[in-house]
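In what follows, a single structure is set out as structure tokens and then discussed.
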Amino acid sequence: MEKIVLGSGKELEIITCGILADKEKVTIKFLPGEDSLSGLNEIFLSADETKIMTLLSENREPLAVYNGYTGLQSISQEMEAAIGYTHDEGQAQITGKLVTVVLCKPDRTERRLASVEDQVTDMQLALCEIYEGTV
């Protein structure tokens, strides 16, 4: 199965056709392994984990890179979801836990707000330096 690699190097096993992406959001469906939903929520809330995500083939070759999807829109878990099929003649359905994560790129307003916050912080530091110089 393909895997998605997060910023920390953590790998998550994706189901077949488990990634849908457009220029604004990406939906990832994967097997949680031993991770709890709350633990995965914490991971996906971190922009460092989701700023750059790499899709790897079964042979560990990069297939795609997803950049800038840093906003967690939703995370959910299904307990008995279809996660695959057997390879025999009957092709029986395999069920198990499946986590779905929807990430989005920050919109223009969010990017501008972050920039303004950084500028205000810089101005506050500059004022503190000026004040300390006059005291």
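FYI, it's all coordinate maths here, none of it is from the lab. Just so you know, these numbers come straight off a predicted model, no measurement behind them. Quick reminder, even Gly has a Cβ in these numbers, built from the backbone with ideal geometry, and neighbours come from all protein chains shown.
Put simply, the amide H of residue 69, placed in the peptide plane, has no neighbours under 5 Å, leaving out anything fewer than 5 places away on its chain. In loop segments of the range 48-135 as defined by DSSP, the GluC sites (Glu not before Pro) with at most 12 further C-beta atoms inside 10 Å of their C-beta are 58, 89. Between residue 87 and residue 119, the distance separating the two model label sites (each 7 Å from Cα on the Cα→Cβ line) works out to 5.8 nm. Here r is the Cβ-Cβ distance between residue 63 and residue 23 and R0 is 22 Å; the resulting FRET efficiency, rounded to 0.05, is 0.75. Taking amide H atoms as placed 1.01 Å from N in the peptide plane, the amide H of residue 64 lies under 5 Å from those of 55, each 5 or more residues away in sequence or on another chain.
Spin-label model, residue 37/residue 78: points 7 Å from Cα along the beta carbon direction are separated by 1.4 nm. When the Debye formula is applied to the Cα atoms of the chain, each taken as the same point scatterer, what base-10 log of I(q)/I(0) results at q = 0.10, 0.11, 0.18 Å⁻¹? Evaluating at q = 0.10, 0.11, 0.18 Å⁻¹ gives log10 I(q)/I(0) of -0.45, -0.51, -1.01. Summing Cβ point charges (Lys, Arg +1; Asp, Glu -1) relative to the Cα centre of the chain gives a dipole of roughly 360 debye. Between the helical axis of 108-134 and the longest alpha-carbon principal axis of the chain there is an angle of about 30 degrees.
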